[in-house]
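The values are calculated or read from the model by the stated rules, or taken from the named source; none is laboratory data. Worth saying up front: this structure is predicted, and the values here are computed from it rather than measured. Every residue, glycine among them, receives a Cβ derived from its backbone with ideal geometry; neighbour counts consider all protein chains shown.
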Amino acid sequence: MSLITPGTLLTLEGVSVTRSLSGCERLKALEDVCWTWNRGETWALRGANGSGKSTLLRLICGELWPDSSGEKSCSGERTYFFEGVAKTSPLSVKDRIALISPETQDWYLSSGYALSVRQVLSTGFFNELLPHRILTPPQEARLLEVAQNLQVDGWLERDVRSLSNGQRRQVLLARALVGNPLALLLDEFFEGVDSPSSTRLRLLIKDLSRSVPTVYTGHRDDGALEFASHEMWLERGRVVRSAKVEGLEGSARGDGEKGRRGEGAQLELITPRSSASFSFTALSRGGSKSTAKLPVSPPLPLSWTKRHVLSRTAPTGPARLPGLSASPSVPLVQLENVTVRRGAKTVLENVSWTLESHQNWVLLGHNGAGKSTLAKVIRRELHPLQGGRVRHFGQEGGSSWKLWQRIPLVSSEAGTLHRVSAAGLSATGKTLVASGFEGWMGYAPILEPEREQKVLEWMDYFEVLHLRERPANRMSAGELKRCLLARALVNNPDLLILDEPFDYLDRVTKTKLTALISTLERTRFLLIAHRLEDIPESATHVLRLEGGRVQEQGELSLARL
């Protein structure tokens, strides 16, 4: 039995949660969880992809219910004490427990609704996604007060989709706070934001956690809340450790240092204009050389390395599509004086850049620098203003459909669209991967034997064969990301664009994917990142954008000190 005190907020006693997948398949997402949450405690939930962290948050906020065996003595029990009285139903407090999740942000990006920041904030009063109600004067005053305190009042009339990731997280935090929540639940809140945004958000959360009980999930070493008072580790739905901790910051950082290869890694940028070297963190135009420590991914476990890197090779792909031949002497992509405006805002300005057929590029920059916009220009999803030129394989124009097959994109936004399509069309993992042949979303035609074999080979390569019949909207973030990589590569593309591909992935999955990407022989990549630790060793060049302008571009070299 849990110890109940006057400060107890929630208790879980032997709680399990089982989720239905496809057909008769069922997944035990949480099993026999016992936990007590007291006022004044800030919890950090840790664990790999699929360990049950997000499920636990949804159980806490009342979106999911514990399993019931029909006999009270055999069923787990969830009890709320937020109102001073023990209640097993979350209905009276559900709207006052604020959950900020990747799905919420993704919904605002992919729903098709053009909502202003003011409208998004107003939905926080009613725990709804769309603004259906007129606010009262006190609610209007509260909205403005929270917006000013969180410094989002300058964006109130902007379309929420036009904001950077860091800005959108700030808006979602303000949305959660307008309704005076009893508790705050943050699911991978700091993923997908750059360092300045992360620092700003951490300071906000640190202040809030003093007055609002907070639970946070994360798996990156730099994602631990240094001010968390307690931590819980989950593994395959079970609690493997739960305790009050001292010096969580030092513990998390220590784990990160132990996992790094060669602490003295150095990142240098050699510009094509001179032989001078630059540190990424201090890129200068004067030719002076400075160096910076680069966190590098830990080495693969020997058993995994032997099995997947040394003995496995990427499946061979189909013949190149006609008209898009990638000759070794012809650049894959050429941009000349590209400027892009979205509304009144210039998001790319006078960008000139070339990706040769032997190069792997990393695209760096803060949130809002124009990285994702550049990827969409390359794929002809956006077009430059008059005077800008975009060439693919030495040619201008041509079929965008064929181009998308040759230059696929793997991104969180694409993952969201696949989840939405899967919800409507019940697309399985196999269908998702097979849709890469034609570039469709959530649908694939009946496959010829050769193509079906190719799908299965790529699914085996990324270790997702067991997801053949599982709907995409029932996959974990890591499982979906691996399926999307298989989908992108099934058609043997010339160039793979990876937009923050490691966000929401645990360290082990990220390390595996980095190694797999590095073993690709016939496909070049452009990897968009804002963390230096996400740069794979097979990257050869780096391009840095700030404010839509090219700051630096050139050859990338990793040297061990």
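A compact table of results
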item	result
Condition broken by ALA423, with the remaining ones in (1) at pLDDT below 90; (2) hydrophobic (A, V, I, L, M, F, W, C); (3) buried (at least 21 other Cβ atoms within 10 Å of the Cβ) satisfied	(3)
SER400 being of a type in the set (Gly, Ala, Ser) and surrounded by 15 or more Cβ atoms within 10 Å (Cβ to Cβ)	no
Among residues of the range 92-123, those that are farther than 25 Å from ALA141 by Cα and among the aliphatic types (A, V, I, L, M), counted	1
Some residue of the range 457-478 being modelled with pLDDT of 90 or more and farther than 28 Å from GLY50 by Cα	no
The range 4-60, residues that are assigned to a loop (DSSP other than H, G, I, E, B) and either without any contact (Cβ under 8 Å) to a residue 24 or more places away in the chain or of a type in the set (A, V, I, L, M, F, W, C) (or both)	ILE4, PRO6, LEU21, CYS24, ALA48
Sole exception among (1) under 25 Å from the mean Cα position of the chain (by Cα); (2) more than 20 Å from VAL550 (Cα to Cα) for ILE446, by number	(1)
Verdict on SER352 being of a type in the set (Ser, Thr, Tyr) and under 13 Å from LEU335 (Cα atoms)	yes
Residue under evaluation PHE190, criteria (1) of a type outside the set (Ser, Thr, Tyr); (2) out of contact with any Ser or Thr (no Cβ under 6 Å at 6 or more places or on another chain); (3) assigned to a loop (DSSP other than H, G, I, E, B), criterion not met	(2)
Selected residue (criterion: surrounded by the most Cβ atoms within 10 Å (Cβ to Cβ)) from residues of the range 145-171 that are within 12 Å of ARG118 (Cα to Cα) and of a type in the set (Gly, Ala, Ser)	ALA147
Selection status of GLU521, modelled with pLDDT under 80, outside any helix (DSSP H, G or I) and surrounded by fewer than 21 Cβ atoms within 10 Å (Cβ to Cβ)	yes
Long-range neighbours under 6 Å by Cβ, at least six apart or interchain, first residue in a loop (DSSP other than H, G, I, E, B) within the range 480-506, second aromatic (Phe, Trp, Tyr) and crowded, with 24+ Cβ neighbours inside 10 Å	VAL490/TRP458
Residues satisfying the stated conditions in the range 135-151, i.e. of a type in the set (A, V, I, L, M) and more than 28 Å from the chain's Cα centre (by Cα)	LEU135, ALA141, LEU143, LEU144
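Conditions (1) in a loop (DSSP other than H, G, I, E, B); (2) of a type in the set (A, V, I, L, M); (3) at pLDDT below 85, marked per residue:
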{"site": "SER211", "(1), (2), (3)": "yes, no, no"}
{"site": "VAL215", "(1), (2), (3)": "no, yes, no"}
{"site": "ASP222", "(1), (2), (3)": "no, no, yes"}
{"site": "LEU225", "(1), (2), (3)": "yes, yes, yes"}
{"site": "MET232", "(1), (2), (3)": "no, yes, no"}
{"site": "VAL240", "(1), (2), (3)": "no, yes, no"}
{"site": "GLY250", "(1), (2), (3)": "no, no, yes"}
{"site": "ARG253", "(1), (2), (3)": "no, no, yes"}
